1. Quick check on my filter: what residues within segment B:39-60 are touching a residue at least 40 places away in the same chain (Cβ under 8 Å) and either among the aromatic types (Phe, Trp, Tyr) or in contact with a strand residue (DSSP E or B) (Cβ under 9 Å, 6 or more places away or on another chain) (or both)?
2. Name the one entry in A:Ser260, A:Ser268, A:Ser213 that is in a helix (DSSP H, G or I), under 20 Å from A:Ala165 (Cβ atoms) and in contact (Cβ under 8 Å) with a residue 60 or more places away in the chain.
3. Residues in segment A:49-72 that are more than 23 Å from A:Ala233 (Cα to Cα) and in contact with a Gly (Cβ under 7 Å, 6 or more places away or on another chain): how many?
4. Has segment A:254-277 got at least one residue that is in contact with a strand residue (DSSP E or B) (Cβ under 7 Å, 6 or more places away or on another chain) and closer than 17 Å to A:Pro187 by Cβ?
5. Within the group A:Glu305, A:Glu281, A:Glu276, which residue is on the phi < 0 side of the Ramachandran plot, within 20 Å of the chain's Cα centre (by Cα), buried (at least 19 other Cβ atoms within 10 Å of the Cβ) and modelled with pLDDT of 95 or more?
6. Look through B:Ser118, B:Ser130 and report the one residue that is within 14 Å of another protein chain (Cβ to nearest Cβ) and among the polar types (S, T, N, Q).
7. Which of the residues spanning segment B:109-166 are among the hydroxyl-bearing types (Ser, Thr, Tyr), in a helix (DSSP H, G or I) and crowded, with 24+ Cβ neighbours inside 10 Å?
8. State all residues of segment A:120-137 that are at the interface with chain B (Cβ under 7 Å from one of its Cβ atoms) and among the aliphatic types (A, V, I, L, M); if no residue qualifies, say none.
Amino acid sequence: MPEKIARPSASDPYNKLGGQRLLGVHELMVRSRLLEERLIKMSKGGDGFFWIGGPGEEAFNVPLGLQVKKGHGVDYDFLHLHYRSSAIVMALGGKPIDAIRQMRSVATDPYSKGRNFVNHYAIPEWNIVPVSPTIETQYSTAIGTGIAQARAKTDAVTIVNGGDAGTAEGDFHSCLVWANRPVLPLPILIVVVNNGYGISTKEETQHGEKLISDWAKVFPDMPARTVDGNDVAAAWGALEEAFAYVRKNRRPYLLEARCSRLYGHSSSSGANRIPEADCIEILEKNMVSRGLAKADQLKKVWEREAAAIDEAHKQVKTEPFPADESVWEDVFADGLPPSYPTKGGS
Amino acid sequence: MASMAQAIRMALHYGETELGVTEIFGEDVGPPLGGVFTATQGLERAWNSPLDERGIIGAALGLAWAGARPVAEIQFVDYIFNVIDLLKLSANGHWSSGGKYKTPMVVMTPTGSGIHGSMYHSHSFDSIASKLHGMKVVCPSTPIDAYGLMVAAIKSDDPVLYLKPKALMRSKGEELIPGEPDEKTLHEMIDAPLGDRTKWKPKWPKLGAYSVEIGKAKISHPGSDATVVTHGRMAPICLEAARRFAAEGRGSVEVLDLRSLIPYDWDAIKASVKKTGRVLFVNEETEITNFAEHLIRRLVDEMFYELRARPRLLAGKATPGIALSPSLENFIQPQKADVERALGELLADPA
């Protein structure tokens, strides 16, 4: 069957993004998805422990990562991410092998030396501050880099990313209040990815607010928007608008993205595929139907990325686990005092 | 002679002019008040934050990650309990990131009792602070140490929790900070006038880079018969007791002022106890899982046969809070008479 080609339209958001860019987005989405699926398999197969990640958020997170002003220091964007942000890191240039290393908790894990859960990044070269397992604390720490950038002469911004359930925490509201202080508004892109659940609890049973972006209504100078995060073109456009606003006006913007959660909360809920809309399938349909890619071409991306992840996983299995005594590294920046207690009791 | 509040203020001024401190903030830290104990009065970089402890510590951590050297204040340590996870993140960020992110931030906060502060202005935090592994914890008992520890805390690439004994904020020391002018001149230079302060600007004395190494205790009174290990508000009380014992011929008591709780100066504790064989720990924390209990356990492990009497702890009573009524507060918290009684018993204990 020949692929059905829609009549090209210049105003169509997919056509506006163009085939070349969409192919790049697609490749990163596939890489992120296959990475997460490999991490899940590792967790289930005893090649690591707890898994938590972000399969289902790729259509929003890849466009976000691609619009970041990447670099180190206040003249570049700061990222306060959470454990579902793998596709952002892939879009910035993260390597799947490093996430696999963290999953297996080997000595070569560049983000935590085998100390933290998978998808807990720390990449100073790209201003990705340490990801924490605590819920919503990144919305408090975002205030700090936001202040540093508000003081600097720069167009760089702070991006904070978390989930819908976490917005019940005070940290979310701290971020809104501090970002909107009249004496020093902060250039923060406040992102909430709404997948409709907090672990197993449905959002509508706990949240009376109609939209999370409605929280912006009490701050008349803060724009806000809710976007379909399963749609690359919608996500790209919304992010472009939000980034541009924050960069130029040096003020906050609240962006809510509705996304699927394709493997549940984490390994604690089984990490099995859930029948929700799949953003990669949606993208592929949109590309093929517009003639922006061929199905075979997209299939090859899956094969190529899967082979690369196989290769990375094989490599990681040859790498050593951390030495016991390495736990004494990095306790203090200036080293462990010789008389620090290290015996674990008598 | 500077008060502890003035000493901290001058150290922060040195920090903002010489050490790259660009943000000094917290509730009522900026003008017009300059802090509830005036420790931030007149500072160029001091500003008022929302009344939000979580935002304050989050802001400090983010600023540290962005390369600043922030000094944040929690107005009273009693308000710090709702930010313990953010303090933990500050403490463990360097370790959890495999050494990728340093956290050069100072969190200062008034601690302890002695100001009739009742339930929520009398807390101590020492023992909980000592569990925030990765965080350095300091607590001065004199203005000169307050100055030197603040300078060291600002310079540190680790997060430092700087505990300010509430009851000592107005106290004066016995040693001048290098470069400190006389008391009257200092007051005229750096204390804000009462009333309208909008046009007032301090004139800062030229003080040096005097600093106290974090992790180093100080022998505030040398002795040979018994050791008292203490810090913060209890340190001057113990010093007075040691002087009285010496004057009355009741024993030669060495007072070791820890100054740093984490890392603590184990070598100094060991050296003193090796000399005296008798040791009393005195602090304001409650006795259950008191920080000093760890030190006692370690002494028992490492110096059992050098101890001439059982080590002792004089601490706060394990009540749910500090009561307002002076008789109750004095009953709950160690007082000078309690220190003297405990010292007398320690010295009288047969070897």
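1. We begin by selecting, within segment B:39-60, every residue touching a residue at least 40 places away in the same chain (Cβ under 8 Å); these are B:39, B:41-42, B:57, B:60.
Passing the criteria: B:Ala39, B:Ile57, B:Ala60.
2. The unique qualifying residue is A:Ser268.
3. 0
4. yes
5. A:Glu305
6. Every option except B:Ser130 fails the conditions.
7. B:Tyr147 - this is the single residue of segment B:109-166 that is among the hydroxyl-bearing types (Ser, Thr, Tyr), in a helix (DSSP H, G or I) and crowded, with 24+ Cβ neighbours inside 10 Å.
8. Here is the first cut: in segment A:120-137, the ones at the interface with chain B (Cβ under 7 Å from one of its Cβ atoms) are A:122, A:124, A:129-130, A:132, A:134, A:137.
A:Ala122, A:Val129 - these are the residues of segment A:120-137 that are at the interface with chain B (Cβ under 7 Å from one of its Cβ atoms) and among the aliphatic types (A, V, I, L, M).
The values are calculated or read from the model by the stated rules, or taken from the named source; none is laboratory data. This is a predicted model, so every value here is computed, not measured. Note that each Cβ is placed from the backbone with ideal geometry, even for glycine, and that neighbours are counted across all protein chains shown.
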